[in-house]
Amino acid sequence: VKSTRKLSRRSLLLAGASLTVVGCAKQNGMLTSRPRPLWPTVIPAPQPPHTVSLPPVREPVYQHYSSDVASSHTYAPAPAPPPQQVPSNGVQFVPRHAWTRVSPIRARLNNMGGVNRITVHHEGWKAVWFDNWADTAERLRLIQKFHMGDSRGWGDIGYHYIIDRDGRIIEGRPLHFQGAHVKANNENNIGVMVLGNFDKQTPSLKQLSSVQIAVSQLMKRHRVPLGRVYTHQEINPTSCPGSNLQPTMVALRRNGHLG
Ligand SMILES: [Zn+2]
């Protein structure tokens with residue numbers, strides 16, 4: 001009886017092995033005939049768990065926060081580069097004070113009063129190939145100056161978060177202020193800008209990964225459903241966020257990589 005059992009076990013094992021081989025061969029055949037994905041190949045793999053933590057929304061204390069701030073605000077060089085909050089996945093969150101000393105002009109700003117949507121943009125100016133902090137901070141100050149200057153006259157840089165070429169997630173306009181990034185649709189709308197012009201270049205993989213992380217965290221924190229995550233061109237007629245980022249944003253949403 002013993003030997004029969006041994007034999008039958010062995011023959012079962014052998015049968016199993018041959019089945020496995022047949023199975024693999026079949027699977028391989030199916031794989032090669034499978035249609036290619038419909039969306040671009042630049043989608044970053046989902047990175048659970050998301051370990052970057054955006055700081056809690058709080059009332060900031062601005063040193064020069066008064067009605068005369070408009071006349072006194074100057075474009076002083078920003079303080080030293082920020083090595084703050086580098087989590088294990090390498091994504092760095094950079095607070096606002098690391099790149100600007102210019103206070104928001106409260107008289108020109110509305111309170112956000114809650115968040116129920118998120119809109120993704122590109123900068124849309126010159127292509128951006130630099131990823132070092134000094135050039136990035138300089139560019140942010142330039143955008144802020146433009147937004148606060150005569151041509152726009154806003155109370156601060158228009159976006160709440162900026163994602164630079166190195167994937168840093170940088171705080172822009174404090175979140176308790178309404179942004180200025182989608183004409184006539186800024187209410188309760190977080191503005192996330194990806195630095196660069198994606199009609200002229202493609203976003204870096206680090207940028208795409210950080211877009212995914214930042215938007216997902218903001219969705220969770222503010223309970224924004226996927227259907228309320230937009231790109232600029234989905235709200236207003238514009239090419240923003242560019243022909244090289246728009247399809248990726250659509251794919252990130254459609255394939256469950258956000259939230
Ligand atoms: Zn835009």
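No lab work stands behind these numbers, since they all come straight from the coordinates. For clarity, every value in this text was computed on a predicted model and none was experimentally measured. Cβ coordinates were reconstructed from backbone atoms using ideal geometry, including for glycine residues, and neighbour counts include every protein chain displayed.
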- Is it true that some residue in the range 234-242 is among the small types (Gly, Ala, Ser), within 16 Å of the ligand (Cβ to nearest atom), in a loop (DSSP other than H, G, I, E, B) and over 20 Å from LEU175 (Cβ atoms)? yes
- Note on the structure: All conditions in (1) within 16 Å of the chain's Cα centre (by Cα); (2) under 22 Å from GLN92 (Cβ atoms); (3) not β-branched (Val, Ile, Thr) are true of ASN189 except (2)
- Query: What are the residues in the range 109-140 that are aromatic (Phe, Trp, Tyr), assigned to a loop (DSSP other than H, G, I, E, B) and farther than 22 Å from ILE235 by Cβ, if any?
  - Reply: TRP129, PHE130
- Any idea how many residues of the range 215-253 are in contact (Cβ under 8 Å) with a residue 60 or more places away in the chain and under 16 Å from the mean Cα position of the chain (by Cα)? 23
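Okay, residues lined up against (1) small (Gly, Ala, Ser); (2) within 12 Å of GLN178 (Cα to Cα):
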site: ALA98; (1), (2): yes, no
site: ARG101; (1), (2): no, no
site: ASN110; (1), (2): no, yes
site: VAL115; (1), (2): no, yes
site: TRP125; (1), (2): no, no
site: TRP129; (1), (2): no, no
site: LEU140; (1), (2): no, no
site: TRP154; (1), (2): no, yes
site: ILE157; (1), (2): no, yes
- Task: Could you check, for the range 214-226, whether at least one of its residues is closer than 21 Å to PHE130 by Cα, more than 10 Å from the ligand (Cβ to nearest atom) and outside any helix (DSSP H, G or I)?
- Result: no
- Task: For the range 97-126, name all the residues that are among the small types (Gly, Ala, Ser) and within 16 Å of the ligand (Cβ to nearest atom).
- Result: GLY124
- Note on the structure: Sole miss for LYS206 among (1) touching a strand residue (DSSP E or B) at 6+ places or on another chain (Cβ under 9 Å); (2) within 15 Å of the ligand (Cβ to nearest atom) is condition (2)
